[in-house]
Amino acid sequence: MTITADDLMTHVCPKINDLGWNHYFTAQTMERGRALGLDGLRFYFLGRGGVLGDVEAGVVHAAFGYFEPGLIETMWTSARAVLDPRAAGREYVACAAAHGRRKLDGVAGLDAYCEAASAVNEAADPTALSLYSAARCEPFVDDAPGRAMQLTALLRELRGSVHLLAVRAVGMSPLAAHTVKRPGDLAMFGWTDADAPEVTDELIEQRAAAEALTDELLRPAFEVLDDAGRQGLVDGIDAIEVALTAP
């Protein structure tokens with residue numbers, strides 16, 4: 001049965017979102033951060049955002065979108081004083097590859113998955129997507145397990161950046177969007193309950209519109225895949241999910 005582009009996105013995008021950050025706070029990533037002089041949170045902010053370069057905290061906040069600005073300022077500025085952001089960015093990309101080698105070695109279908117994910121990445125338009133456009137410039141490793149994890153992380157940045165653009169395009173603030181989707185996680189992102197707007201029907205409708213616009217903007221990148229490529233992406237992310245969520 002032919003997999004439509006919409007069916008493909010419905011299947012793979014939530015899994016990419018859930019799995020693409022799997023390396024962020026592993027013991028090995030945290031250990032690498034400590035070796036570089038950074039605790040886990042500072043390595044996260046400087047590592048994930050370091051692909052943007054040695055920029056001010058406001059640039060990182062604009063690219064990340066959902067964090068309270070003061071938290072970004074504190075984390076980014078203090079981490080930036082310890083390690084060059086570009087170096088941290090490359091280290092974080094390397095941590096993704098290392099995690100893939102640990103968890104995905106021997107997983108079937110990774111070559112087909114990497115080929116399909118690479119095609120989506122190459123077809124995606126990076127215009128106005130600052131975090132994704134910076135991350136996609138980092139080189140990939142050659143081995144399939146490491147590359148598969150890097151690509152999964154990168155496609156997560158792709159949808160995240162597109163969604164942030166869509167949120168603003170429908171007139172919604174990132175905080176409002178975050179409050180509607182993840183009301184229990186505001187403190188994790190530096191916000192207090194007092195900061196959060198009231199969740200109204202209008203906000204719920206706006207967020208639904210942002211999701212629809214996200215899919216509309218992403219669809220051309222997924223449409224480049226033929227039937228074999230779509231199946232390879234589906235089978236690959238399903239196998240990656242099993243491997244990354246195994247105890």
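Scanning segment 184-213 for residues that are in a helix (DSSP H, G or I) and farther than 30 Å from Ala124 by Cβ yields Gly184, Ala187, Asp193, Ala194, Asp195, Asp201, Glu202. Here the helices (runs of 4 or more DSSP H) wholly within segment 1-95 that include at least 1 residues being surrounded by fewer than 21 Cβ atoms within 10 Å (Cβ to Cβ) and β-branched (Val, Ile, Thr) are 5-19, 57-64, 69-80. Here Leu165 passes the criteria (1) part of a helix (DSSP H, G or I); (2) in contact with a Gly (Cβ under 9 Å, 6 or more places away or on another chain) except the one numbered (2). Residue pairs whose Cβ atoms lie under 8 Å apart, separated by 6 or more positions or on different chains, with the first residue in segment 232-247 and more than 11 Å from Lys15 (Cβ to Cβ) and the second surrounded by 15 or more Cβ atoms within 10 Å (Cβ to Cβ) and acidic (Asp, Glu), are Gly232/Glu115. Evaluation of Glu122 against the conditions (1) assigned to a helix (DSSP H, G or I); (2) of a type in the set (Asp, Glu); (3) more than 19 Å from the chain's Cα centre (by Cα) shows that the sole unmet condition is (3). Of all residues in segment 125-162, exactly one satisfies the criterion of being in contact with a Phe, Trp or Tyr (Cβ under 8 Å, 6 or more places away or on another chain) and not in a helix (DSSP H, G or I), namely Pro126.
Residues in segment 175-191 that are of a type outside the set (Gly, Ala, Ser) and modelled with pLDDT of 95 or more were compared, and the one that is farthest from Leu218 (Cα to Cα) is Trp191. Looking only at segment 167-180, decide whether some residue is crowded, with 21+ Cβ neighbours inside 10 Å, within 17 Å of Phe67 (Cα to Cα), in contact (Cβ under 8 Å) with a residue 40 or more places away in the chain and out of contact with any Phe, Trp or Tyr (no Cβ under 9 Å at 6 or more places or on another chain). Yes, that holds for at least one residue.
Restricting attention to segment 221-230, and to residues there that are touching a residue at least 12 places away in the same chain (Cβ under 8 Å) and surrounded by fewer than 18 Cβ atoms within 10 Å (Cβ to Cβ), which single residue is farthest from Ala144 (Cα to Cα)? Of everything passing the filter in segment 221-230, Glu223 is farthest from Ala144 (Cα to Cα).
Across segment 127-146, a minimum of one residue is classified as surrounded by fewer than 17 Cβ atoms within 10 Å (Cβ to Cβ), in contact (Cβ under 8 Å) with a residue 60 or more places away in the chain, over 19 Å from Tyr24 (Cβ atoms) and under 15 Å from the mean Cα position of the chain (by Cα).
Taken over segment 181-220, the criterion of being closer than 28 Å to Tyr44 by Cβ, surrounded by fewer than 19 Cβ atoms within 10 Å (Cβ to Cβ) and of a type in the set (Val, Ile, Thr) is satisfied by Thr192, Val199.
Among residues of segment 68-114 being under 19 Å from the mean Cα position of the chain (by Cα) and of a type in the set (Asp, Glu), the one that is farthest from Gly33 (Cα to Cα) is Glu68. Do the conditions hold for Leu104, that is, is it of a type in the set (A, V, I, L, M), farther than 30 Å from Val242 by Cβ and in contact with a Leu (Cβ under 8 Å, 6 or more places away or on another chain)? When the stated conditions are applied, Leu104 does not pass them.
The values are calculated or read from the model by the stated rules, or taken from the named source; none is laboratory data. Here the structure is a predicted model, which means the values were calculated and not measured. We place every Cβ from the backbone using ideal geometry, glycine too, and count neighbours over all the protein chains shown.
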